[in-house]
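Here is the structure we will look at.
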Amino acid sequence: MIKIKLEDSHVSVNDICKTKKSILEKISDLLSRPSGVNRNDIFKRLYEREKLGSTSIGKGVAIPHARIDDIEYPFLSIIILDEPVEFDNIDNLDVDIIVSIIVPEKNYSNHLELLAHLSSKLDDPLVRKELRRARNSSEIIKSFHSDDLEFI
Amino acid sequence: MKVGILLVTHSDIGRQLLLTATSVFGKNPFQVELLSVDNFDQPNDVKELAEKYVKFLDNGSGVLVLTDIIGTTPSNIASCINHERIKVVAGLNLSMILNVFNYPDDSLDQLSIKALEGGIQGVSKV
């Protein structure tokens, strides 16, 4: 079981971000308060990671991720866009499902398990459909319930 | 779907090569992750991490693992990764990454040959 923090306030549905940068800023805003980490620090880490290569995993999905000091658990944030946005995507589908995680610097073995879990979950067309149809944050969060994750 | 790429290198070499290649090429067309190996790392821990990275990166098309100098800890770890669809090429240089970037739709087998060719072409008397 991987412990994660995911609450209503970490989720944005019908979002209207228009650029990759504004998406990363939005994630930083959503996660700053619950994690207690400065938004600029979160943004910087996510941005540095994107510079190495897009975290798009194809089919309209991206998983921006970064390691951060001073947090104890992984924090998850989810943004569903009304209109897909160019995300340096690895295929020709722009991105409209963004599932972002920040994880403790120290324990990145867990981080990888979480990434693997999320990418295989989001590979399921039914899950993507469910997320695109969701109208509020609780429907989104419900889609992420699984035996592998413990919401704390 | 595309092949995923994992760079397993000494300290920060992988990051710097990847940043430079991305800047020269204009973009990085692959899903890439980095694994840096330092003197104080335990090879078994790193191997376990490498396997998790590979699992994450493999969307069915396999993973190309590029590592720096052959016979050292990073390449030894890379060669022990237990995974079905994987190719490992050592001797990482900028020319190798750039050549790979040119063939984002190649299969794992083809791409591993492009990596090898790119790496070899990058070494010559000027």
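Restricting to region A:122-137, name every residue that is buried (at least 17 other Cβ atoms within 10 Å of the Cβ) and not aliphatic (A, V, I, L, M).
Of everything in region A:122-137, those that are buried (at least 17 other Cβ atoms within 10 Å of the Cβ) and not aliphatic (A, V, I, L, M) turn out to be A:ARG128, A:SER137.
Can you find a residue in region A:60-71 that is more than 21 Å from B:ASN59 (Cβ to Cβ), surrounded by fewer than 22 Cβ atoms within 10 Å (Cβ to Cβ) and within 10 Å of chain B (Cβ to nearest Cβ)?
No, region A:60-71 contains no residue that is more than 21 Å from B:ASN59 (Cβ to Cβ), surrounded by fewer than 22 Cβ atoms within 10 Å (Cβ to Cβ) and within 10 Å of chain B (Cβ to nearest Cβ).
If we only count strands (runs of 3 or more DSSP E) wholly inside region A:59-131, which ones have 2 or more residues that are in contact (Cβ under 8 Å) with a residue 60 or more places away in the chain?
A:75-85, A:95-104
With part of a strand (DSSP E or B) and among the hydrophobic types (A, V, I, L, M, F, W, C) as the only criterion, which of B:LEU19, B:LEU66, B:LEU49 stands out?
Within the list B:LEU19, B:LEU66, B:LEU49, the selection yields B:LEU66.
Those residues that are over 19 Å from A:HIS111 (Cα atoms), in contact (Cβ under 8 Å) with a residue 40 or more places away in the chain and not aliphatic (A, V, I, L, M), I need them from region A:10-32; list them, please.
Selection gives A:SER12, A:ASN14, A:ASP15, A:CYS17, A:LYS18, A:THR19, A:LYS20, A:LYS26.
In the set B:ASP45, B:ASP68, B:ASP106, which member is more than 9 Å from every other protein chain (Cβ to nearest Cβ) and farther than 23 Å from A:GLY58 by Cβ?
After applying the criteria, what remains is B:ASP68.
Applying the selection to region A:1-49, what residues are among the acidic types (Asp, Glu) and farther than 25 Å from A:ASP124 by Cβ?
A:GLU25, A:ASP29, A:ASP41, A:GLU48
Residues in region A:33-49: is at least one on the phi > 0 side of the Ramachandran plot, in contact (Cβ under 8 Å) with a residue 40 or more places away in the chain and not in a helix (DSSP H, G or I)?
Within region A:33-49 (the criterion being on the phi > 0 side of the Ramachandran plot, in contact (Cβ under 8 Å) with a residue 40 or more places away in the chain and not in a helix (DSSP H, G or I)), the answer is no, since none of the residues qualifies.
The numbers here are math on the coordinates, done by the rules we state, and not lab data. Nothing here was measured: the structure is a model prediction, and the numbers come from that model. Glycine gets a Cβ as well: all are built from the backbone with ideal geometry, and neighbour counts include every protein chain shown.
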